[in-house]
Every structure is written in structure tokens, then in C-alpha cells.
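Below: one structure in C-alpha cells.
Read-outs: derived from the displayed coordinates by stated rules, not from any lab. Keep in mind the model is a prediction, meaning the values are calculated, not measured. In this analysis, Cβ positions are derived from the backbone assuming ideal geometry, glycine residues included, and neighbour counts consider all displayed protein chains.
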Amino acid sequence: MGSNVTHKLIASHLVSGQMKKGEEIGVRIDQTLTQDATGTLVMLEFEAMNISRVRTEVSAQYVDHNILQTDHKNPDDHLFLASACRKFGVWFSRPGNGVSHPVHMENLGVPGKTLLGSDSHTCSAGSLGMLAFGAGGLEVAMAMAGQPFFVRMPEIMGVRLTGTLPEWVSAKDVILEMLRRHGVSGGRGKIIEYYGPGLECLSAMDRHVIANMGAELGATSSVFPSDSEIRNFLQLHGRGDMFTEITADENTGYDIDEEIDLSSLEPLIALPGSPGNVVPVTEVAGRDIYQSYIGSSSNPGFRDLAIAAYILDEKKVHDRVSLDINPASRQILEHLTSEGYLQKLIHAGARIHQAGCNGCIGMGQAPASGKISLRTVPRNFSGRSGTKNDKVYLCSPETAAASALSGVITDPRTLDIQYPIIKEPTNLTVHSEMLIPPAQEGEEVEIEKGPNIQPLPALTALPERLEGPVLLKVGDDISTDDIMPAGTEVLPFRSNIPEISKFAFQRIDETYSERSKMYRKSGSFIVGGLNYGQGSSREHAALGPRYLGLRAVIAKSFARIHWQNLCNFGILPLTFAHSGDWEKNDQGDILTIEHVRNALSSSHALTVFNKTRNEHFTALHDMSARQIEMVLKGSLINMVH
């Protein structure tokens with residue numbers, strides 16, 4: 001049997017382990033990507049390793065999350081990142097240059113290469129025929145130091161695409177259909193590979209839309225072939241010499257088979273609270289909206305904004321609606337300007353924001369209380385927008401633009417205009433001046449550190465006996481936004497762990513941080529439900545609670561990246577052997593694990609004693625020997641020093 005694209009990419013980068021489902025494998029990393037919300041910590045971690053220069057083929061640092069400058073913290077950190085890039089040999093994308101994923105795709109992505117990023121949406125690069133993973137920042141720092149990335153060998157889900165997208169249906173509806181079928185945890189333990197004749201109607205940026213939101217499925221990654229469409233994209237951006245054809249062999253197979261007839265799709269929309277809560281637009285059409293937001297990493301392409309301009313041409317946004325245009329890269333913004341589309345959007349009443357993540361992570365553009373916001377962003381976790389009781393719906397640019405005109409959720413197929421065919425300009429002007437190449441020599445560079453940048457906290461080894469209270473009990477699908485929020489108040493403290501830890505679980509229980517103080521040395525527990533830690537790769541969601549004394553999370557199941565981040569910072573990720581035991585452990589109960597160090601090394605089952613109820617139950621771990629070692633030593637940092 002031949003090989004699929006995913007197997008070819010893994011096999012060509014495999015440095016340890018075997019490609020057997022569930023076995024831990026080590027993968028050589030060619031490129032790394034960091035963004036400023038997580039990259040400041042990555043740079044501090046890399047600096048602590050005392051390595052003079054990165055050992056990857058390409059490493060790039062993007063400033064796209066914290067570009068609001070409301071005081072000194074963000075600009076100080078921008079200077080820190082710029083100086084660290086010069087010293088360590090990293091490309092630096094300046095504030096306002098755009099979101100990491102499309103900018104990397106335009107300038108640095110190469111088919112056949114591996115990419116590890118401290119952002120969960122790094123999987124977007126799978127659109128180019130790359131093998132791209134989101135991970136915690138500490139793992140990215142290790143990759144920058146030349147170490148492999150370790151992951152459990154996933155199942156490969158092959159999704160065969162047939163047919164052609166109907167008018168007014170686009171790539172966003174394809175990934176929303178996947179979420180409608182599988183929910184936010186249906187991709188866990190899987191890499192999703194798209195193939196088939198339907199690919200012919202999907203541009204490179206369309207594929208980016210689909211690969212980007214594979215993270216919302218919980219997938220390890222998403223992969224597309226590197227074919228003639230990718231060759232055209234690279235040639236358009238002046239990088240045709242980077243093209244390598246990578247396609248699946250004709251006689252290949254997949255662990256799981258799926259098929260989507262693109263011709264059968266209709267406009268879809270995800271209801272508030274979860275990207276997996278997907279219904280047809282027709283089911284919610286007519287609801288009043290306050291905001292329509294187009295752009296972000298999950299709809300970053302020229303076409304995504306140009307089609308909105310076409311819909312709004314010579315018309316006005318409804319007087320109740322704020323139409324927010326969020327260009328994903330400065331280059332795309334320039335093309336929209338030169339082709340006349342930006343003028344159409346401005347004349348229609350759109351608000352044009354700087355190229356960056358912005359409102360997607362609650363950095364501005366927050367909607368009004370209790371009012372509907374339609375967004376083309378990848379996530380709609382409650383409160384992520386910056387408004388506590390938000391009502392964020394996820395949809396395509398077509399649906400967002402049509403609704404901005406009418407003032408209510410509108411099926412774009414009902415528009416009384418001819419469906420346009422939007423194509424990229426063929427005379428593309430490549431804009432790379434704000435992507436600064438690494439300096440040839442960095443030995444003499446001094447790293448600039450503002451007063452908000454604090455050293456990493458010391459993390460102690462796992463004790464022989466754990467005893468402490470369940471400080472918090474939560475339900476299913478708790479996200480890293482719930483654990484450690486983003487937004488204008490919190491993100492500026494990303495390089496200051498003592499300060500950012502004060503916001504831990506703030507959306508769920510404002511007293512958590514204060515209650516944790518007395519258990520910082522002795523330790524505490526959290527009890528979680530299914531898919532604990534879904535969403536962002538931010539390692540602050542592990543490191544913040546760890547600083548506050550968290551030593552173990554016992555949950556029904558974990559999201560992949562957060563599970564690994566817990567291991568990275570010496571927090572035990574345990575699962576209930578029997579789901580009914582979740583009901584028997586409440587907030588405030590005192591839990592004890594005796595001889596925990598020996599138990600981890602000798603068995604995958606640990607006995608936990610609920611001292612409050614005088615009952616024992618079994619908890620399981622699925623850590624490799626390497627992960628057990630880092631937990632025993634208190635963190636991955638301790639293990640490598």
C-alpha cells in the first residue's frame with residue numbers, strides 16, 4: 001500500500017519511535033513560529049537554555065496579539081522581542097504587519113517542512129503541504145534549541161472532497177460542516193488529511209481557512225497536498241522555487257474515511273458558546289445583530305474581504321450594525337487598497353482596524369452586552385470577545401456581509417445580486433519590509449527588558465505524597481480562555497507570571513487565585529470534565545495555576561495541547577478510571593495520593609483517597625517515560641538543566 005501525505009511528512013522527519021497509533025514519536029522540526037502573547041515566555045525560556053542561536057532552518061516571531069498600546073507593557077515587550085530576535089537569529093514581524101499564520105504562509109512556509117508554533121492555529125500551515133503543530137511555548141523553545149517535538153502517533157482521518165462549492169458557500173462552511181459532524185473533540189488524536197477532486201475549487205487561502213479551524217475539532221493537525229494550486233500561490237508571492245509536489249499515492253489508505261460532497265453544502269453558522277454548535281443559517285435567520293466582524297486568522301484571504309466589499313458596493317451598513325474589518329496582513333490590506341475594494345468597504349460604513357488578531361482574542365472590538373456579534377474568527381467561547389455575556393456566532397464572510405446590510409442574520413443566497421468570482425491580483429506586489437530578517441551575528445546584542453518582564457518562577461519537584469483540597473470542580477469543555485483569559489486586561493502580563501496568575505479561572509470563580517494562596521507550597525487539585533483545556537495553546541493556563549500550587553488535575557479527558565502543557569510544568573494530568581467517580585468528588589474535598597512518585601514509575605493507575613468522604617478511587621495517567629520524568633522533576637525546564 002502507498003503512503004498518504006501525512007505519513008510521507010512524518011516518515012521524512014521521524015527521529016524516534018515508530019509510526020504506530022498511540023506510540024510516542026519524536027519529529028524533527030524545521031521551522032518554529034511564535035506570537036507575542038506566548039512568544040515572550042518562549043524567548044525567556046530559550047534565553048534560560050544559554051544557547052546562542054536557534055538551531056532550526058527558520059524561526060519567526062510575530063507581534064499580532066498585543067498590538068494595543070494602552071500603557072508601557074506591550075511596547076516594552078515588543079522591544080524585548082525585537083532584541084531577542086536579533087540576538088538569537090529569529091525573523092521578527094513588526095506590530096501591524098499581520099497575523100502570524102497568513103504572514104508565515106505568504107513569506108516563509110515551505111511544502112514538505114515541519115512547523116511548530118506556540119499558537120494552537122499553527123496547523124493553518126497544513127494548507128501548504130506542511131506538517132504543522134500547535135504546542136506549548138516550552139516545547140517550541142526546545143525545538144528552537146534543536147530538539148525534536150514529541151507527540152503520540154495519531155490516527156489519520158482522510159476526508160475525500162467531491163463536487164464544487166455552490167454559489168454563496170465558501171471554505172468556512174466546509175470546516176463548519178466538519179464541526180457540525182464531529183464537534184469540538186472529534187478530531188482528538190487525529191490528523192485530518194483532505195484530498196479528492198473537490199480540492200480543485202479550493203484556493204491555497206481557502207485551504208488555510210479549513211486547516212486553521214482544525215484546531216477547533218481538537219485535531220493534532222490538518223494536512224493538504226502540495227499541488228498545482230500551491231505552486232501558483234508560491235509563484236504569486238515570488239517564492240516559486242520553494243515548491244515541492246507532495247501528494248498521496250494512488251493506492252494509499254486512511255485509518256478513518258470521511259467524504260464531503262461540496263455541492264451539497266449550504267451556509268452554516270456556529271451558535272454562541274462553542275465552534276461545534278453548528279446549524280444552517282436558515283435556522284437562525286432574522287435575528288437582530290449588533291456587529292459583523294470580517295477577517296482574522298481563520299478568514300485571512302484577499303477574497304474573504306473582497307467578496308464582502310462586492311456585497312456592500314454602493315450600499316450602506318445597517319444603522320444598527322458595527323461592521324468591523326480585520327485585515328490579517330498588511331500585504332492583503334495593500335492589495336485591497338490597490339484593487340479598490342477597501343474604498344468600497346469604507347464608503348459602506350465599515351470600521352477598518354490594523355492588521356492583527358485584535359477582537360478575536362478580546363483586544364478591542366468587543367460587542368455590546370447581550371447583543372449578537374457575527375464573526376469569521378475561529379472561536380466563540382463565552383467571554384472571549386471581551387464582553388462577559390457575549391453572543392458570538394461564527395460564520396462565513398458572505399453571511400457576515402449580507403447580515404451587515406440587513407441588520408439581521410441573513411442567508412447570503414437571498415441577496416438580489418449576482419454571485420461574484422473573486423480572484424487574487426495577478427500583479428501581486430510582495431510586501432516583506434516589515435518582516436525583519438535575523439542578524440548575522442548576535443553575540444553583541446543586548447536584550448532589552450522592560451519592568452514588566454519577570455524571571456520564570458522556580459518549580460519544585462513532585463513530592464512523595466500529595467495532599468490538598470479540590471479548589472475547583474468544573475464541567476465539560478473548559479477552555480484555556482476559561483482557565484487563563486486573554487483580553488486587554490490580562491495579556492499584557494504574559495511575561496509576568498506572578499501577576500497573570502491572579503486572573504486564573506477568573507471567569508469561573510473570581511476567588512480561585514486568592515483561595516490558592518494558602519496552598520501554594522502544600523499543593524491543590526482541580527476536578528474537570530470532558531475535553532478539559534480545549535482551545536488556545538497558551539502555557540500560561542498551566543503555568544499560572546502551577547505558580548498558585550496546583551499539582552494535579554483529575555478530569556474525564558483532556559485536550560491534547562493543554563494535557564502536554566500540564567506535564568511540561570509538573571502538573572499531574574490524571575483521568576478518572578470510572579466516569580461515575582467525577583460525581584463523587586466535590587470542591588472542598590481533601591484528596592491524598594500516597595507514594596505518588598513510585599506509583600507513577602511503576603503503574604498507569606494511581607489510588608486516590610478522598611479524605612473528606614473516606615473513599616478511594618482509581619485515577620489513570622497516559623504519560624510516557626519522558627513525560628513522567630519531567631513531572632517528577634517539577635517541569636521540563638528542570639529536566640533539561
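Residues of the stretch 617-633 with backbone nitrogen within less than 11 Å of a virtual label 7 Å along the Cα-to-Cβ line of H578, please, listed as ranges.
617-618
Moving on. Can you give the angle from 0 to 90° between the axis of helix 171-182 and the longest principal axis of the chain, with both taken from C-alpha atoms, to the nearest 10?
The two axes meet at around 40 degrees.
Additional query: Could you work out how far the C-alpha centroid of the stretch 581-612 sits from that of the stretch 338-387, in angstrom?
45 Å
What ranking, highest mean first, results for peptides 582-591, 346-355 when packing means the other Cβ atoms within 10 Å averaged over each residue?
Going from most to least packed, we get 346-355, 582-591.
Let me ask something additional. Angle, helix 73-88 long axis vs. longest principal axis of the chain, Cα atoms, 0 to 90°, nearest 10?
Helix 73-88 sits roughly 80 degrees off the main axis of the chain.
Summing -39500 (n - 2.57) over the DSSP H runs of n ≥ 4 in the chain and dividing by its residue number, what mean residue ellipticity at 222 nm do you reach, to the nearest 500 deg cm²/dmol? Walk me through the numbers on the way to the answer.
Numbers: 20 runs with 171 residues, N = 641.
Per the formula, -7500 deg cm²/dmol.
In what sequence, highest mean first, do 394-400, 235-241, 417-423 appear when ranked by Cβ atoms within 10 angstrom?
Details: 394-400: 29.4, 235-241: 14.1, 417-423: 11.9.
Ranked by mean Cβ neighbours within 10 Å, highest first: 394-400, 235-241, 417-423.
Could you sort the peptides 503-516, 456-469 by per-residue average Cβ neighbour count (10 Å cutoff), highest mean leading? Please report the intermediate quantities before stating the final value.
Values: 503-516: 17.9, 456-469: 15.9.
Peptide ranking by packing, descending: 503-516, 456-469.
Rounded to whole Å and sorted largest first, what semi-axes of the equivalent ellipsoid does the C-alpha gyration tensor of the chain yield via the square root of 5 times each eigenvalue?
Values: eigenvalues 281, 145, 130 Å².
In descending order the semi-axes read 37, 27, 25 Å.
Beyond 30 Å, what share of the Cα-Cα pairs of the stretch 5-264 is found? Please give it as a whole percent.
Working: 8979 of 33670 pairs.
Counting pairs separated by more than 30 Å, the tail of P(r) holds 27 percent.
Still on this structure, please answer the following. Putting +1 on Lys and Arg Cβ atoms and -1 on Asp and Glu Cβ atoms, find which of Q454, M19, A541 reaches farthest to the positive end of the dipole of the chain.
Value computed over the given set: Q454.
Determine the shape class of the stretch 237-343: with a ≥ b ≥ c the square roots of the Cα gyration tensor eigenvalues, call it rounded for a/c under 1.5, and otherwise prolate if a/b is greater than b/c, oblate otherwise.
Values: a/c = 2.59, a/b = 1.23, b/c = 2.10.
Verdict is oblate for the stretch 237-343.
Putting +1 on Lys and Arg Cβ atoms and -1 on Asp and Glu Cβ atoms, find which of H101, S396, L81 reaches farthest to the positive end of the dipole of the chain.
L81
Could you give the dipole magnitude of the chain about its Cα centre, charging the beta-carbon of Lys and Arg +1 and that of Asp and Glu -1, in debye to the nearest 20? Spell out each step's value before the answer.
Values: 58 positive and 74 negative charges, 294 e Å.
Charge dipole, the chain, about its Cα centre: 1420 debye, nearest 20.
Could you tell me the relative contact order of the stretch 512-641? Use alpha-carbon pairs under 8 Å, at least six residues apart, and round to a whole percent. It would help to have the intermediate numbers written out before the result.
Details: 223 pairs, mean separation 29.3, N = 130.
Computed over the stretch 512-641, the figure is 23 percent.
By DSSP, what percent of the beta bridges with both residues in the stretch 466-640 are antiparallel, rounded to the nearest 5? Walk me through the intermediate numbers first.
Details: 14 of 28 bridges.
Close to 50 percent.
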